[in-house]
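Encoded as structure tokens, the structure appears first; notes follow it.
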Amino acid sequence: MLTILSIGSLSAYADDLPIRQKLLNSKPTYSNKYSVVKFFQEHVYYANKNSIEDFLRLYSTQYISNDGFKLDSTTELFTDLWKQYNGIKYKNNVNSVAFYGDTAVVNVSETATAAIANDDKKGELKSFVDVIYYLQRKGKSWIITGENVLTEEIVISWGDAKSVAMYLEAPQLVGAGEEYSAKLYIAPPTGIFAIGSISTEIVSYPQKPQKDVFKKFASDYSLERLFTANTKNTNEYVVASIGYSRPTMSQASGFNMNLSGYACLIRRVNVVPENKYIEVKNDKDAK
């Protein structure tokens, strides 16, 4: 009887301990899920308003991304981006969420679109990002402490490039120092000529673009290049540039091939640093 009474007292006592709230916060209840969805509604709302101060209030001062960006560099990145692409519009969708006490791990898909003016030619920017956000509970809401970008695709095009089907293929994940292939495919309409270039850039701020070396496409309108992943402990982008032109004739200058369109396709390649502390047993040596 004394044992039963002591267990009952312990259970009642445990209800008053902080562990009870931690366990409740770890459950995927409607209230917990709704608070996360509402948080990312605010996140995209402030992004669409280009309200940098309100947007950054959703981030921890200790924030860090898988690219090594901290809050100061992230602030400059978004400030410059919104100046360059004024009127950029975002959409997001919360795919999944897992709770661990006062923290949450959230998978979010994000898209962005923006109009681009290039002389007399109109262009557009489109991007897709699949990202894992790490959240810390803050009162009844949350704050972003970090993020891990899984996939990222960006397409910038203007002129004739807007009407051409294009696809850039590159691995999402490679080991540091490993060789990999990047391939570019296009399907230009009859009468449009194209040249292309494929290069890589490490993820940095400000971005340091490489020099484009344009080449003719193969007969099937494909272009391929081999790369060796960097060993600088950072992720990188594969960047494809395509220039389009239409032949024209005039009495004054005769035959011309003027640039009639341009596209830039970007894909993220996450680079895994070499782990020198993995031991693999050799069964032959053990015998």
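Read-outs throughout are calculated quantities, based only on the coordinates presented, and are distinct from any laboratory measurement. Only a predicted model underlies this, so the values are computations on that prediction, with no experimental measurement involved. Note that each Cβ is placed from the backbone with ideal geometry, even for glycine, and that neighbours are counted across all protein chains shown.
Tabulated data
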item	result
Of LYS22/LYS140; LYS83/LYS183; LYS126/LYS183; LYS211/LYS276, pairs whose Cα-Cα distance is over 22 Å	LYS83/LYS183; LYS211/LYS276
Among SER219, SER141, SER197: highest mean-square fluctuation, GNM of the chain, C-alpha pairs under 10 Å	SER219
Paramagnetic label zone (point 7 Å from Cα along Cα-to-C-beta, LYS27; backbone N under 19 Å) in segment 132-147	137, 140-141
Charge dipole (segment 164-287, unit charges on Cβ, about Cα centre) - positive-most of SER222, PRO188, VAL271	PRO188
Anisotropy class of segment 164-287 from Cα gyration tensor, a/c 1.5 cut	prolate
Dipole magnitude of the chain, debye to nearest 20 (Cβ charges: Lys/Arg +1, Asp/Glu -1, about Cα centre)	380
Fraction of beta bridges assigned by DSSP in the chain that are antiparallel (%, nearest 5)	95
Greater than 30 Å apart at Cα, pairs in LYS49/LYS122; LYS138/LYS208; LYS162/LYS232	LYS138/LYS208; LYS162/LYS232
Excluding exposed DSSP-loop GluC sites (Glu not before Pro) (at most 16 other C-beta within 10 Å), longest clean stretch of the chain	1-177
Rounded to 5, the percent of DSSP beta bridges in segment 164-287 classed as antiparallel	95
FRET efficiency, GLU169 to ASN233 (Cβ-Cβ, R0 35 Å, nearest 0.05)	0.90
Cα centre as origin, Lys/Arg/Asp/Glu Cβ charges: segment 45-140 dipole, Debye	360
Label point distance in nm, ARG20-ASN95, each placed 7 Å from Cα along Cα→Cβ	3.8
Approximate spin-label separation ASP80-VAL105, in nm, with each point projected 7 Å along Cα-to-Cβ	3.2
Order of TRP142, TRP158, TRP82 - criterion: other Cβ atoms within 10 Å of each residue's Cβ, fewest first	TRP82, TRP158, TRP142
Positive-end residue, segment 38-133 charge dipole about Cα centroid, Cβ charges, pick of ASN95, TYR133, THR75	ASN95
Answer label, with mean projected area of the Cα convex hull in nm² calculated from the coordinates and candidates [x] 15.9; [y] 25.4; [z] 19.2	[y]
Fully extended contour minus Cα-Cα distance, from ALA115 to ASP212, at 0.36 nm per residue	32.5 nm
Value at 222 nm in deg cm²/dmol, rounded to 500, when DSSP H runs of n ≥ 4 in the chain each add -39,500 (n - 2.57)	-6500 deg cm²/dmol
Computed E for LYS126/ILE278 - FRET, C-beta separation, R0 45 angstrom, nearest 0.05	0.70
